[in-house]
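Visitor: Here it is, the structure, as structure tokens.
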Amino acid sequence: MRTPTFSPANVQPIQKKLYQQRQLQVFVLRLDKLHPVVSGNKWFKLDQFLQAAARENKKTIITFGGPYSNHLVATAAACAELGFNSIGIMRGERPATLSHTLADAQACGMHLHFISRDAYRQKQVPASVIEGLLPGTWSIVPEGGYGREGAEGAAGIMQLVPPGIDHIVVAVGTGTTLAGLSLAAGATQQLLGISVLKNQQSIDAEVKALLPPAIRNFSILHDFHFGGYAKKNAQLIQFMNQWYRDTGIASDFVYTGKMFYAAESLAGAGYFPRGSSILLVHTGGLQGNRSLPKGTLIF
Ligand SMILES: *Cc1c(COP(=O)(O)O)cnc(C)c1O
């Protein structure tokens with residue numbers, strides 16, 4: 001895919017009293033500014049998968065996702081831009097009304113197929129989908145872009161990180177983005193992943209599986225999920241509104257809202273040593289907020 005244009009201005013310094021008191025320099029990497037639809041980390045995670053598909057002359061990309069999957073809509077948009085057909089495999093019955101995310105994916109030309117929960121768990125591509133395609137002309141991108149290719153693509157994010165950063169904080173779903181940053185980090189840099197899933201301790205091993213054994217420069221915190229994936233409460237919403245007032249940065253309630261919240265409470269608790277430089281990665285995904293009732297957020 002085309003390399004996105006990205007100006008150094010998209011590394012935004014954050015001035016807050018708390019950070020000054022703690023002698024922390026804090027920046028946000030605005031990956032949300034990269035692309036109108038494929039915003040954030042998804043562009044990077046898809047890059048290697050789609051380059052390989054293009055080299056191998058594949059015509060159709062098949063992937064998996066749920067009704068609020070940023071990965072699905074990003075794949076649909078990237079495929080439309082690059083001239084691939086795209087197929088999204090979904091869990092369960094087709095709903096009477098599609099979520100905003102699924103409607104967007106469909107508007108980008110993605111064909112949505114709904115399969116049983118059991119079949120979905122095994123990531124089966126239905127025979128009826130394959131039958132319609134010429135053999136050898138399609139390839140599968142795993143759910144969430146998880147995999148070596150995804151991590152190698154995400155490693156490209158490090159090229160946008162300014163020099164002198166000690167800690168990099170990122171929201172964790174599959175952990176592929178965290179793995180990519182771990183791969184490309186400098187020897188003294190520490191990665192901190194904020195899991196948005198509840199009790200998903202297996203992610204640590206899933207990230208390790210994407211890394212050579214010598215690379216163990218990351219840790220994942222599991223205390224900032226606010227009840228689980230896409231769960232939220234008044235405290236989180238209030239924080240996101242306050243963060244927007246303070247910084248002008250919009251966040252989403254599934255990923256980056258929880259990550260910014262975690263970074264702030266860790267800073268307050270003295271987690272980062274004085275004098276540290278911290279980069280918070282804004283991984284995009286703002287379209288997910290459209291499922292909230294109007295007026296919940298001030299942005
Ligand atoms: C998908 C997504 C993530 C999670 O990325 P992983 O590589 O799956 O950990 C984080 N933030 C946003 C906004 C996302 O859409």
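Visitor: Considering (1) within 18 Å of the chain's Cα centre (by Cα); (2) under 20 Å from residue 145 (Cβ atoms), say which one residue 222 fails and leave the rest.
Guide: Answer for residue 222: the failing condition is (2).
Visitor: Please report, ordered by residue number, the helices (runs of 4 or more DSSP H) entirely within segment 1-102 with at least 3 residues that are closer than 21 Å to residue 249 by Cα.
Guide: The qualifying helices (runs of 4 or more DSSP H) are 17-21, 41-55.
Visitor: Scan 150, 132 and give me the residue that is out of contact with any Gly (no Cβ under 6 Å at 6 or more places or on another chain), within 28 Å of residue 102 (Cβ to Cβ) and either among the polar types (S, T, N, Q) or open to solvent by less than 20 Å² (accessible area, probe 1.4 Å) (or both).
Guide: Every option except 150 fails the conditions.
Visitor: Would it be correct to say that residue 261 is over 13 Å from residue 26 (Cα atoms), of a type in the set (Phe, Trp, Tyr) and more than 16 Å from the ligand (Cβ to nearest atom)?
Guide: No, not satisfied.
Visitor: Of 74, 119, 96, 103, which residue is within 14 Å of the ligand (Cβ to nearest atom) and on the phi < 0 side of the Ramachandran plot?
Guide: 74
Visitor: Moving on. Please work out which one of (1) away from the ligand (no atom under 16 Å from the Cβ); (2) open to solvent by 40 Å² or more (accessible area, probe 1.4 Å); (3) closer than 30 Å to residue 25 by Cβ; (4) of a type outside the set (S, T, N, Q) is the condition residue 165 fails and give its number.
Guide: Among (1) away from the ligand (no atom under 16 Å from the Cβ); (2) open to solvent by 40 Å² or more (accessible area, probe 1.4 Å); (3) closer than 30 Å to residue 25 by Cβ; (4) of a type outside the set (S, T, N, Q), the lone unmet condition for residue 165 is (2).
Visitor: Right, next: Can you tell me which residue within segment 173-184, out of those that are hydrophobic (A, V, I, L, M, F, W, C) and touching a strand residue (DSSP E or B) at 6+ places or on another chain (Cβ under 6 Å), is surrounded by the most Cβ atoms within 10 Å (Cβ to Cβ)?
Guide: Looking at the filtered set, the residue picked out is 178.
Visitor: Kindly indicate the residue of segment 53-68 that is farther than 15 Å from residue 86 by Cα and either surrounded by 23 or more Cβ atoms within 10 Å (Cβ to Cβ) or in contact (Cβ under 8 Å) with a residue 40 or more places away in the chain (or both) and also farthest from the ligand (Cβ to nearest atom) among those meeting that condition.
Guide: By that ranking, first place goes to 56.
Visitor: With of a type in the set (Val, Ile, Thr), open to solvent by less than 20 Å² (accessible area, probe 1.4 Å), touching a residue at least 12 places away in the same chain (Cβ under 8 Å) and assigned to a strand (DSSP E or B) as the only criterion, which of 220, 249 stands out?
Guide: 220
The values are calculated or read from the model by the stated rules, or taken from the named source; none is laboratory data. Here the structure is a predicted model, which means the values were calculated and not measured. Because the Cβ atoms are built from the backbone with ideal geometry, glycine has one as well, and the counts that use them run over all protein chains shown. Each accessible area value is taken on the protein alone, full model and side chains, heavy atoms only, with ligands, DNA and RNA left out. Shrake-Rupley method; radii C 1.70, N 1.55, O 1.52, S 1.80 Å.
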